[in-house]
1. Work from the charge dipole of region 25-71 (Cβ charges, +1 for Lys and Arg, -1 for Asp and Glu, about the Cα centre) and give the residue of Ser33, Gly56, Ala44 farthest towards its positive end.
2. With θ set to phi - 60°, apply the Karplus curve 6.51 cos²θ - 1.76 cosθ + 1.60 along region 377-392 and write out the HN-Hα couplings as whole Hz, x wherever there is a Gly or Pro.
3. HN-Hα J couplings of region 263-280 from phi, Karplus 6.51/-1.76/1.60, θ = phi - 60°, integer Hz, Gly and Pro as x?
4. Taking amide H positions as placed in the peptide plane 1.01 Å from N, state which residues far from Tyr195 in sequence (5 or more) or on other chains have amide H under 5 Å from it.
5. Over what distance in Å are the Cα centres of region 344-388 and region 73-116 separated?
6. Roughly speaking, what is the stretch gain from Arg403 to Thr149, that is 0.36 nm per residue apart minus the C-alpha to C-alpha distance, in nm to one decimal?
7. Give me the dipole magnitude in Debye, nearest 20, for region 225-316 about the Cα centre, with unit charges on the beta carbon: positive for Lys and Arg, negative for Asp and Glu.
8. Which one, Thr327, Ala337, Leu294, is farthest towards the positive end of the dipole of region 246-373 when Lys and Arg carry +1 and Asp and Glu -1 on their Cβ?
Amino acid sequence: MDHEALRSADPLVAEAIAAEGARQNDTISLIASENHVSEAVLAAQGSVMTNKYAEGYPGRRYYAGCAEVDRVEQAAIDRAKELWGAEHVNVQPHSGTQANQAVYTAVLNPGDCILSLALEHGGHLSHGHRVNFTGQLYNVHQYRLDESTGRLDYEQIAERAKEVDPDIIVAGFSAYPRAIDWERIQSIADEVGAYQLADIAHISGLVATGAHPSPVGVADFVTGSTHKTIRAGRGGIVMCEDQHADAIDSAVFPGGQGGPLMHNIAGKAVGFAEALTTAFEAYIEAVVDNAQLLAELLQSAGVELVTGGTDTHLMLVDLQESHPSLTGQQLEEALEAVGIILNKNTVPGEQRSPFVTSGVRIGTPAVTSRGMRGPEMEVLADCILDIMQAPADEEVRESVSARVAELAGRFPAYAV
Ligand code: DSN
C-alpha cells in the first residue's frame, strides 16, 4: 500500500505517520538508543514481507512458500556473521529483550542465578528486575558501579560472583559511557563456572567497526537490538559459538516466539549490508567524535558527567552537585520544549525516583546520521547549557528554539 492509499484508507494513522516524520525532522533526538534508519531499511520494513509466516529457519520451515524469506533471512545471518565475526547468528528475536530471554531459556532453569548491573546504575530491565520476567523467574543478584568514579568495579564484580555463585553474569549496559573489559568479566565468570552474556544493544555499531572492543569470541553469548548504533531494521539478535547454536535456535523458536517478523528481518539484512561499508565505519567514528566533543564542551562549562567523559556514543549528565535544584525530569521537559529530545536518567548516588532523577542521558547516533559534526555539536552544547542555566526563562527558550529549528532545518532526517 502506498502512502496515498494509506491516506484514504486511514487518515488518522496516515496523519500521525506524517506528523511523526515532521517531528523527527523538526526536532533533534539526543536519545542514545535512537537512530534514523535509511530509506532502504524503511522500505524493507514496510514491505510485503510482513505477510509471510515462516516458523522455523531457512531451509527448515513449517510453511510452504518460504523461498524468498529464506533468501532474506540467510542474507541477514551471513551479513551479521561478517559484521561481528560470530560463528552462529539468530536474527529472529523480536527485540533485544527477546534475545536475552532466548539466552536465559537456553542455559538457565527457573530459580537459577543471574548476576547483573543494577538498573539504576545503567543496567536493563531484561538483565534482572523484579517487575520483569527475569526477576520473577530467576534468582537475581546485582553488582553496582563504583560510586566515586561511576565506573565498573571489576574487583566488586569478582567478589559478588564469589558470594552469589551465579549461573550467568550479564554485562553490556544501557547507560554506561565507558569501554567494557569483556575478557576481565569472562575470567570472573570462568572462575565461578558461570556463562557470560554480553548485551551489546547500545554499542553494536561500535563493536562492528572496531570502535569498541568486541565480546564476540570472548563471552559465551552476545545479544543486542539491531536499530540503535548499528542502524538496521528494528529487532534483536543473538550470537554464539556453534556449540550453543541448537540451544539458542530452539529457545528463540519455538521456545519464546512464533512466526518471525520477516519485514523486520528484511530491514536487518538491509541495514547490516549498509554497516559493512566504509561509509558506516566513518559514521561510527563521527558518532564517537561527536560524543567526545559534546562531552568536552559541556564539561568545560562546568557540567559534571558520570566518569568524566565518554568512550562511546553516550554520556550521562550528573546534576547532583552542579544543579542540585534541577531534576532530570525538569531538564528533559525544558529541552523538549525547545526541540531537543533526550531522556532523564538515574545517576550513581541517585537520591530521586526513576521518574524524577538527577541526570539526563545524551547520545549522538541520530544527530550524526543527519550529518551533524563538530560545529553542530558546538551549537547543541550552547543550547543545552543555556537551558540548564535558565530552564523556565521564556526569552532563553525562544532563542534556543530558534537555534534548534535552524539546525534541524539544515540537517533533515528524511527528505520531505
Ligand atoms: N530503551 C532502550 C534504551 O533507551 O536504552 C533500552 O531498551
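1. Gly56
2. These are the phi-based 3J(HN,Hα) values: 5, 5, 5, 5, 4, 4, 4, 5, 5, 4, 5, 4, 5, 9, x, 9 Hz.
3. Each residue of region 263-280 in turn: 5, 6, 5, 4, x, 5, 4, 5, x, 5, 4, 5, 6, 7, 8, 5, 4, 6 Hz.
4. Ile168, Ile169
5. 30 Å
6. My answer for the length gained is 88.0 nm.
7. That gives region 225-316 a dipole magnitude of about 440 debye.
8. Comparing the listed Cα positions along the dipole, Ala337 ranks first.
Read-outs throughout are calculated quantities, based only on the coordinates presented, and are distinct from any laboratory measurement. Since the model is a prediction, treat every value here as computed from it, not as a measurement. Counting neighbours? That spans all protein chains shown, and the Cβs are built from the backbone with ideal geometry, glycine included.
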